[in-house]
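Taking it in order: structure first as structure tokens, then the write-up.
The values are calculated or read from the model by the stated rules, or taken from the named source; none is laboratory data. This structure is a prediction, so every number in the text was calculated from the model and none was measured. Counting neighbours? That spans all protein chains shown, and the Cβs are built from the backbone with ideal geometry, glycine included. Please note that ligands, DNA and RNA were not included when accessible areas were found on the heavy atoms of the full protein model with its side chains. Shrake-Rupley method; radii C 1.70, N 1.55, O 1.52, S 1.80 Å.
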Amino acid sequence: MARKQQTSQTAPATGGAKFWIDSIASALRRERDFRKEGKEILSIYQGEKVATTPFNILYSNTETLSPALYSNKPKPVVKRRYDDKDPTGLAASQMLRRGLEFMLDDINQAETGFHDAMQAAVTSALLPGRGITTFRYNAEVETDDKGPRRVTYEDIEIENVSWENFCHGYAKEWRYVPWVALKEPPMTRQEAAKIYGEEVAAKLPYAAPGGEDDDNRADGHNSRDVPVSEWIVEVWVVWDKKAKNVKHVCMGYPDALLKEEAPKTKFKGFFPVPRPLAYFRKVDDLTPRALYTLYKQQAEELNTMTRRIKSLINACRVRGAYDSNVAEISRMLTAEENQLIPISNAAALYGQQSSLDKTIWLWPLEKIQATLQTLYQERETAKQVLYEIMGVADIMRGASAASETLGAQRLKNTWGSLRLKRMQNETVRYVRDCLRLMAEILAENFTPATLRSMSNLPLMTNAEKQMVQQQLQVTQAPPAPEIQAALQQPTMEEVQKLLQDQASRDYRIDVETNSTVENDATDNKEELSEVMTAIGQFVSTVGPMVQQGIIPMPVAKALLTSICRRFRFGEEVEVALESMPMQAPPAPQEGEKSGPTGPDPAAVKAIEDVKLRSAQASAQTRAACSQRCVRRGRPGRRAPPSR
């Protein structure tokens, strides 16, 4: 009851531009301290405050933690939720997995790839305290006089959002957030006219870029020198969960909304962003906080001691006085190597029973050296305290040598990552949520032709399957195993129906990801070895029972298929097992030719015709994508960002 009351109080009612301008301003005020601290932390990390932070422990910690949290591009793991016999679910999961793998390949270097976006999100979460990534469906439609004809190009646009260009409505849990707002990149009047029309663009308040920093700019440029055509305006895009629509708002134009539209993709959580990546977990609200605030006091102590060490090192110089009767002493201090300096009145020194060391008085440095040693020790102690707070000490303890045993290395590896498990799990959670958003776009927005070409799965349409079945009925010949296997596969329409039904898709398909820090090649080899070991043990144990008739062939086939479904590589093996005959072929009679009779030529021709048409459709789709990219002036597969 309390949750329902909270939702009704925090969710904003549908309002005009003034309402949303006030809501965004209120959210920005709520995060005022967080945004101020974030700017200071970024300036320290980027080395802009060398005088006050001579010991940049923030940069060191960030570069140590970042690869421990995210280092390798993830692998999408899409499978049937319950690992049962579900041909349609198997084909749909394979189609989504291959589509995600294609989207994760950074083919177009001119755009932000998935790997770069995840690295940027991790860095933002480690420094200011919040990482944001958005996903949107992007398509080009061929039109004529009658309207849209067909989709010629479609893609998923991945964009890394700055931690400052995001805010949301008040809530204590992410599931209760009523709205989120994303700040668009600054746009000129010409760009605004393309999106909102010339009438709306003419009413917006434009300003010269960088006007607030004119007095502090090092390049000497002034915003007054910028031509009016390059003046910009800032627009926020609000995703209203209650109204289920998207609103475009300009903070300086409260008269009306710039645009209001339905979202292109009906995400399960409505928002085009996952729950922000944050490593500082708060229990009372969703306002982020930077990790640097946890050890800011220790970092300031390190900076203070480093400045003192520098001052004492400057003071630790050879200085002193000497007896004026021996004027050659000053020449001794500047003489070259292996050079002897004659002394004119050496007899006087000997007559006074004096020596050279008694004629020189050096400034005592023993106390300065002792103080330096104490400062060095205290700085190391402060570093260890800081490392314990951040968990960096566990990473250092987990470092192993090549000479150590395998057990010792595994023990250190486990201990070294123990403190980081929660942060690593948060990173995996964020990557998984991003993959799920991309899977929703693939399932709900992409056309069957694009999915078929992208996944390269041998799925027929209903018309193609009917044509093959009619050809088999005419020939009255038993189909070959490969033809029978193709006919048992679901059609493209059945797979598309499952993908576009959100409830059925969630019930039958699960989207996960592997670890983002482990070696994927090692994982693949180990899992493949496990699959082969399991199959070998099963065949050696059950095979003789099948030959003796103790276990029927269908039972053995079902058992082996169930075993293979437990592995990530088992889907491909399962498809091959489905084509196995349910019983051994009968022995040939006397006088009959042994060996297979071969597939029916007419049925094989029908299958080849289906494959040929599918290949032609795939080639046409790839050619259309290449033409789009060539016209845009760069090779690749993705369209440029619309913002």
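Once label points are set 7 Å from the Cα along Cα→Cβ at both residue 548 and residue 500, what is their separation, rounded to one decimal in nm?
5.5 nm
Measure off 7 Å from each Cα along the Cα-to-Cβ vector at residue 314 and residue 488, then give the distance between these two points in nanometres to one decimal.
Inter-label distance under the simple model: 8.3 nm.
Taking the Cα centre of the stretch 118-210 as origin and charging only Cβ (+1 Lys, Arg; -1 Asp, Glu), how large is the dipole, in debye to the nearest 20?
For the stretch 118-210, the charge dipole is close to 420 debye.
Please compare each pair in 39/203; 146/194; 183/282; 49/247; 266/421 to a cut-off of 29 Å on the Cα-Cα distance and tell me which ones are over it.
39/203; 49/247; 266/421
Please work out how much length the chain gains when fully extended from residue 174 to residue 378, using 0.36 nm per residue of separation minus the C-alpha to C-alpha distance, in nm with one decimal.
The residue 174-residue 378 span can extend by a further 69.2 nm.
Return one whole number: the accessible area per residue of the stretch 230-314 in Å², for a 1.4 Å probe.
Heavy-atom accessible area per residue stands at 50 Å².
In the neighborhood of residue 455, defined by Cβ-to-Cβ distances under 10 Å, what is the net charge if each Lys or Arg adds +1 and each Asp or Glu adds -1?
Summing Lys/Arg as +1 and Asp/Glu as -1 gives +2.
What does the net charge come to around residue 240 if you take all other residues with beta carbon closer than 10 Å to its beta carbon, with K and R at +1 and D and E at -1?
For residues surrounding residue 240, the net value is +3.
Within the accessible area of the stretch 425-492, what % is carbon and sulfur when the probe is 1.4 Å and the other protein chains stay in place?
On the stretch 425-492, the fraction of accessible area on carbon and sulfur atoms equals 51 percent.
What lysines could a cross-link reach from residue 367, if we take a straight Cα to Cα line under 29 Å and drop same-chain neighbours fewer than 8 places away?
310, 358, 383
Accessible area of the stretch 254-303 with a 1.4 Å probe: how many percent of it is carbon plus sulfur?
Looking at the stretch 254-303 in its full context, I get 45 percent from C and S.
Would you mind calculating the gained length between residue 150 and residue 191 on full extension (0.36 nm times residue separation, minus the Cα-Cα distance), in nm to one decimal?
12.1 nm
Net charge around residue 260, counting only other residues with Cβ within less than 10 Å of its Cβ (Lys, Arg = +1; Asp, Glu = -1)?
Neighbour charge sum, excluding residue 260 itself: 0.
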